[in-house]
Amino acid sequence: MPTEKERLEVVEPQVATLISHVGQLTAELERVTARLTVLERRLSGAGDGPLAGLDEVADDIADVVEALRKAWDAEQEILADPARVELRQEVLEFDGLKARRDEARSKLDGGRVPRFERDALSHEVRQMEWLINANEASAQRAAERLDADEDAATEDWRTEAVLAGDKARGEIKQAAARRISEALSQYARMPVWFRVGLGEIPTPDPAFWLEAAVAVLAYRLEYGVTDAVTPLGTPPSASSGCENWVRRTNVYADITDRLTTLAATFHLQ
């Protein structure tokens with residue numbers, strides 16, 4: 001029967017071998033963990049390179065951004081088509097009220113009218129007068145706004161600025177795509193607003209994610225959004241009816257829908 005010393009002499013080399021293997025496995029695990037951390041940071045946009053200045057207005061896009069700013073100013077007095085239609089309808093309805101009142105008055109003043117018809121016409125005149133008084137101020141503002149819109153649409157500098165803005169809008173999207181591609185290829189650290197809005201790059205097909213990223217950056221560059229956390233900044237309002245605000249509101253809604261879809265996709269993965 002082997003002694004205690006003999007048993008230890010057999011076991012000790014085995015223990016040493018196990019300790020060596022454990023050390024190697026620990027080192028390998030640390031290496032893999034570090035690699036996964038880097039990959040996770042890159043997928044989330046938190047690369048290990050310099051911070052990407054995605055929405056900085058540098059020389060490469062300064063002229064494009066300036067064209068967009070001029071287009072914005074030019075469209076301040078130009079109505080969007082839906083707003084123009086609504087204001088025209090308001091003016092037409094007001095003119096219709098005055099026409100109905102005048103027609104009823106003409107019948108009353110036109111000679112002998114049966115008593116029951118006279119009472120009905122008198123009631124209609126009073127009703128039209130009340131509606132006219134109630135809507136006159138609003139209809140006047142609508143007419144003045146339409147006149148200003150018509151005048152603005154004939155100004156050459158506005159037409160030129162709007163056309164240049166349409167061209168610049170396509171160019172700013174190209175610049176946004178180029179900047180994002182360069183930042184990703186350099187494993188740059190993406191800004192907080194980028195990571196908040198877009199999250200990790202989905203696999204195996206990142207096309208929709210990339211389109212949304214380009215749309216967000218182009219929006220920030222075109223409208224001068226500087227919010228460090230919220231991708232699109234403060235929600236715009238189309239209440240003025242101006243072409244620039246209506247377009248911005250529509251683009252904001254479209255991009256928000258894209259980001260919502262991305263968030264739902266991440267949730268399902």
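The values are calculated or read from the model by the stated rules, or taken from the named source; none is laboratory data. In this text, all values refer to a predicted model and were calculated from it rather than measured experimentally. No Cβ is skipped: glycine too gets one built from the backbone with ideal geometry, and neighbour counts run over all protein chains shown. We work out accessible area using only protein heavy atoms, side chains counted, and drop any ligands, DNA or RNA first. Shrake-Rupley method; radii C 1.70, N 1.55, O 1.52, S 1.80 Å.
Among the listed residues F116, F94, which satisfies the condition of being open to solvent by less than 40 Å² (accessible area, probe 1.4 Å) and among the aromatic types (F, W, Y)? It would help to see each step written out before you state the result.
Details: F116 fails: open to solvent by less than 40 Å² (accessible area, probe 1.4 Å).
Of the residues listed, the single one that is open to solvent by less than 40 Å² (accessible area, probe 1.4 Å) and among the aromatic types (F, W, Y) is F94.
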Quick check: anything in the range 112-124 among the acidic types (D, E), modelled with pLDDT of 85 or more and assigned to a helix (DSSP H, G or I)? yes
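Could you count how many residues in the range 202-223 are part of a loop (DSSP other than H, G, I, E, B) and in contact (Cβ under 8 Å) with a residue 40 or more places away in the chain?
First pass over the range 202-223, keeping only residues part of a loop (DSSP other than H, G, I, E, B): 202-206.
From what's left, in contact (Cβ under 8 Å) with a residue 40 or more places away in the chain: 202.
Matching residues across the range 202-223 total 1.
Taking the condition of being part of a loop (DSSP other than H, G, I, E, B) and closer than 21 Å to A67 by Cβ, how many residues in the range 234-269 meet it?
First, the residues of the range 234-269 that are part of a loop (DSSP other than H, G, I, E, B): 234-241, 269.
Going one step further and asking which of them are closer than 21 Å to A67 by Cβ, we end up with 236.
So the count comes out to 1.
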Among the residues of the range 108-123, are any under 37 Å from the mean Cα position of the chain (by Cα) and either among the β-branched types (V, I, T) or on the phi < 0 side of the Ramachandran plot (or both)? no
State all residues of the range 170-214 that are under 23 Å from W72 (Cβ atoms), of a type in the set (G, A, S) and open to solvent by 20 Å² or more (accessible area, probe 1.4 Å); if no residue qualifies, say none. G170, A177
State yes or no: is Q140 assigned to a helix (DSSP H, G or I), of a type in the set (S, T, N, Q) and modelled with pLDDT under 95? no
